[in-house]
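Inspection log for the structure reproduced underneath, given as structure tokens.
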Amino acid sequence: MMDRQLSFHGDESGVIATNDDASESKRSCVKLGYYHDEYLQSFVKISEKKAPEINRGYYARVKGIEICIEKFLKKTGDKCQIINLGCGFDTLYWRLRDASHMVQNFIELDFPTVTAKKCYQIKRNKVLLEKINIEDGEIKFSPTDLHAPNYHIVGVDLRSVDEVANKLKQSDVDFQLPTIFLSECVLVYIETANCNNLLKWIASNFTSAAFVNYEQVNMNDRFGEVMLGNLRARGCNLAGVESCLSLETQILRFVQNGFTGARSWDMCQIYDSLPTSERHRIEKIEMLDEGELLVQLFQHYCITVAWNGELFQDIEITVEKRLSTLMID
Ligand SMILES: C[S@@+](CC[C@H](N)C(=O)[O-])C[C@H]1O[C@@H](n2cnc3c(N)ncnc32)[C@H](O)[C@@H]1O
């Protein structure tokens, strides 16, 4: 049974602005050479240099997620679907294309204010357009939505499951196809009841699914309280924070809403699991004044992987093994 939906007709500008923050921070990272993303500059024109701790945090976030996605793609090949919830200006579709991945379907969702900006930039950028225009297929545009043969971006409020279902249908969603969901710092902004409804709907409709979720954790200690206060001061409420109290609450959110299983790692663990040569490379880019702040930041973010159905059920073991043996291929 679905939980009661909370009313959500508030001011979303604070939450929407978190995309500018994330995109500018990623751009700062790319500019300094932490990782490569030639597409981000099409969406983010300005970026001021961020603190070294922020840059390292974003580097670990982007690499950690990439590793999970690659892991799932190894299992499915390109016969899968990726659904990016609260996509912001994420460039994963184009980066995957450069890594020779052409997944069957890639669907991005965010508030219409955000998707309108993304659609506008895609429309006027030859490189971005060329990559989504596979097989010289037709591309349909509206101010907030874009539908290409295997790439779709749609404006929607994720708190309305009916709206999400409708927009996915317009994007040729295939419920039978193995599906990888991605949400990077998104669920935390959604009221718990609404988030539960969304996850329940996903778990009951996508029988072969993996879910990669990056967001805050350990939010009930002093550092977490300060983070919360700072965000509230910027008009941004973490409405779903009760799932971000510990790695256990992160896992429970998925299994209690119908997923078969879930695992969660804080970013200290994820960072330690990155290849040593890569860590040494990026650690030389900028010196940290003192390492304590970075450790605290890493302790307050995590990646949770949840799965549903048989195809992905042994993923937990391989991800676990990889992390515990610190081996990444
Ligand atoms: C911190 S940003 C992250 C953007 C992107 N995932 C990234 O990591 O670069 C959070 C994104 O989630 C979106 N978002 C939050 N709540 C949403 C909702 N109820 N419906 C649609 N999008 C939402 C925001 O508009 C924003 O683009």
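The values are calculated or read from the model by the stated rules, or taken from the named source; none is laboratory data. Given the structure is predicted, the values throughout are model-derived calculations rather than measurements. Positions of Cβ are generated from backbone atoms using ideal geometry, with glycine treated the same way; all protein chains shown enter the neighbour counts.
Kindly establish whether THR179 is surrounded by 18 or more Cβ atoms within 10 Å (Cβ to Cβ) and either within 18 Å of the chain's Cα centre (by Cα) or not hydroxyl-bearing (Ser, Thr, Tyr) (or both).
On the way: surrounded by 18 or more Cβ atoms within 10 Å (Cβ to Cβ): yes; either within 18 Å of the chain's Cα centre (by Cα) or not hydroxyl-bearing (Ser, Thr, Tyr) (or both): yes.
For THR179, the condition - surrounded by 18 or more Cβ atoms within 10 Å (Cβ to Cβ) and either within 18 Å of the chain's Cα centre (by Cα) or not hydroxyl-bearing (Ser, Thr, Tyr) (or both) - is met.
Can you pull out every residue in segment 98-119 that is β-branched (Val, Ile, Thr) and within 16 Å of the ligand (Cβ to nearest atom)?
Residues of segment 98-119 that are β-branched (Val, Ile, Thr), as a first pass: 103, 107, 113-115.
Matches in segment 98-119: ILE107, THR113, VAL114, THR115.
If a residue must be small (Gly, Ala, Ser) and assigned to a helix (DSSP H, G or I), how many such residues does segment 260-286 contain?
Going residue by residue through segment 260-286, those that are small (Gly, Ala, Ser) are 261-262, 264, 273, 277.
Okay, now just the ones that are also assigned to a helix (DSSP H, G or I), so 273, 277.
The qualifying residues number 2.
Please verify whether TYR34 is crowded, with 18+ Cβ neighbours inside 10 Å, among the hydroxyl-bearing types (Ser, Thr, Tyr) and either assigned to a strand (DSSP E or B) or more than 9 Å from the ligand (Cβ to nearest atom) (or both), treating the condition exactly as stated.
yes
Hey, can you tell me all the residues within segment 146-171 that are touching a strand residue (DSSP E or B) at 6+ places or on another chain (Cβ under 6 Å) and more than 13 Å from the ligand (Cβ to nearest atom)?
LEU146, HIS147, ASN150, TYR151, HIS152, SER171
Yes/no matrix, rows are residues, columns are (1) touching a residue at least 40 places away in the same chain (Cβ under 8 Å); (2) buried (at least 20 other Cβ atoms within 10 Å of the Cβ); (3) within 16 Å of the ligand (Cβ to nearest atom); (4) at positive phi:
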site: ASN19; (1), (2), (3), (4): yes, yes, yes, no
site: ARG27; (1), (2), (3), (4): no, yes, yes, no
site: GLY57; (1), (2), (3), (4): yes, yes, yes, no
site: GLU70; (1), (2), (3), (4): no, no, no, no
site: ASP78; (1), (2), (3), (4): no, no, no, no
site: ILE83; (1), (2), (3), (4): yes, yes, yes, no
site: GLY88; (1), (2), (3), (4): yes, yes, yes, yes
site: LEU96; (1), (2), (3), (4): no, yes, yes, no
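If you scan segment 68-90, which residues turn out to be in contact with a Ser or Thr (Cβ under 8 Å, 6 or more places away or on another chain) and β-branched (Val, Ile, Thr)?
Within segment 68-90, ILE82, ILE83 meet the criteria.
Given the conditions (1) at pLDDT 95 or above; (2) outside any helix (DSSP H, G or I), and given that GLY224 satisfies all but one, which numbered condition is not satisfied?
The failed condition is (2).
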